[in-house]
Amino acid sequence: MLLAAAAVVSSAAVVMAVVAVNGPDGRGPRAPESPSAAASSGSAFPHGPDAPVGAGQTPGLVIAGIPLPRGATLIKRDRSAGAGPWTVVLRRSDGSGSLGRHGAVVTFPVAAPSAGRPVRVGGVSGRASAREITWPVEGSYARVRGDLPRSELIAVAAATRVASGRPRVVAPRGLSVTATDTLWPAHMNETRYSSRATGETDELSGGLTFTGVARCGGFEDALYATGVRAAGTVHGRPAVLTSAFGGNGALAWEPAPGVVAYVGYSGAQLDQGAVDALRRLAERTRLLSPGQWRATGPWTSDQTNDLGRAD
């Protein structure tokens, strides 16, 4: 975080104070719950390759080279996420698809549509509106959202079945299923820093900078509903700008299918200078394995992780 050893103690106090006042989600402070005995004492994670992301795992994300004070990592836990709804993410199989682009998200169950033009989905009548189709299935409704032509969205809907309360899609020609998960993340692993410690105060001011990882389909579903703001690339992956993670804004990308990583901040107005600063910080990030993440001693906040809600 800072280069001088004496400044590390001061920096740790700053970050702890920022975390205690408020977080990027706007919620007030919470007492730590079940911290790990192996909590970090201020050492910096070195630069290095990202940890591989295993099936179903939610890794951690840190800015390499910045000391990580005790209490700077947390898990936003949503105990209700596993009850559904559930999603299936599809992308163009030619490799052109990326986060919020050239694809679609199927969600089940959803509320009955209140508007839209009638459209046939297989043998039933559904409703179509901008970038989405909603239709009845298994006593409820399913929805597909995406930037694909309407004919392809209808084909995805017709290829969807529900088994054990979860959507299953046999991808139509030209598409492939890239991820299946809950609509909203069961866990969001976040790391919080003083923006001063990142060296980007000229653009981000002296507030809070945070990194995080979430696994869900709801964020991409919201991107299709509200539109994508492209923001270049991070580690070679297409990135988007979003306000879904709180604060003044965040840069998000997909390091692995179905896994969203992000760097955001609270402080200065979101302008091109702030976006450039977020991109510089994002390029300095490193994914941690679940074991490395647990060793930082994250505390847990129970809440509802309905980020980017588009309904």
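The values are calculated or read from the model by the stated rules, or taken from the named source; none is laboratory data. For clarity, every value in this text was computed on a predicted model and none was experimentally measured. Cβ: placed from backbone, ideal geometry, glycine included. Neighbour counts: every protein chain shown. Accessible surface is based on the protein model in full, side chains and every heavy atom, while ligands, DNA and RNA are left aside. Shrake-Rupley method; radii C 1.70, N 1.55, O 1.52, S 1.80 Å.
The table below lists the values:
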{"item": "Residue within the range 165-174 that is touching a Leu at 6+ places or on another chain (Cβ under 7 Å), farther than 20 Å from A252 by Cα and part of a strand (DSSP E or B) present", "result": "yes"}
{"item": "Test: residue in the range 241-257 that is within 18 Å of I66 (Cα to Cα), of a type outside the set (A, V, I, L, M, F, W, C) and buried (at least 23 other Cβ atoms within 10 Å of the Cβ)", "result": "no"}
{"item": "Wholly enclosed strands (runs of 3 or more DSSP E) of the range 68-124 bearing at least 2 residues open to solvent by less than 60 Å² (accessible area, probe 1.4 Å) and more than 21 Å from A158 (Cβ to Cβ)", "result": "73-77"}
{"item": "Where W184 falls short, out of the listed (1) open to solvent by 50 Å² or more (accessible area, probe 1.4 Å); (2) outside any strand (DSSP E or B); (3) of a type outside the set (G, A, S)", "result": "(1)"}
{"item": "Qualifying residue in the range 258-268 (condition: crowded, with 23+ Cβ neighbours inside 10 Å, farther than 19 Å from S205 by Cβ and in contact with a helix residue (DSSP H, G or I) (Cβ under 6 Å, 6 or more places away or on another chain))", "result": "yes"}
{"item": "Some residue of the range 195-203 being open to solvent by 40 Å² or more (accessible area, probe 1.4 Å), part of a loop (DSSP other than H, G, I, E, B) and of a type in the set (D, E, K, R)", "result": "no"}
{"item": "Residues within the range 271-288 that are open to solvent by less than 50 Å² (accessible area, probe 1.4 Å) and closer than 14 Å to T209 by Cα, tallied", "result": "7"}
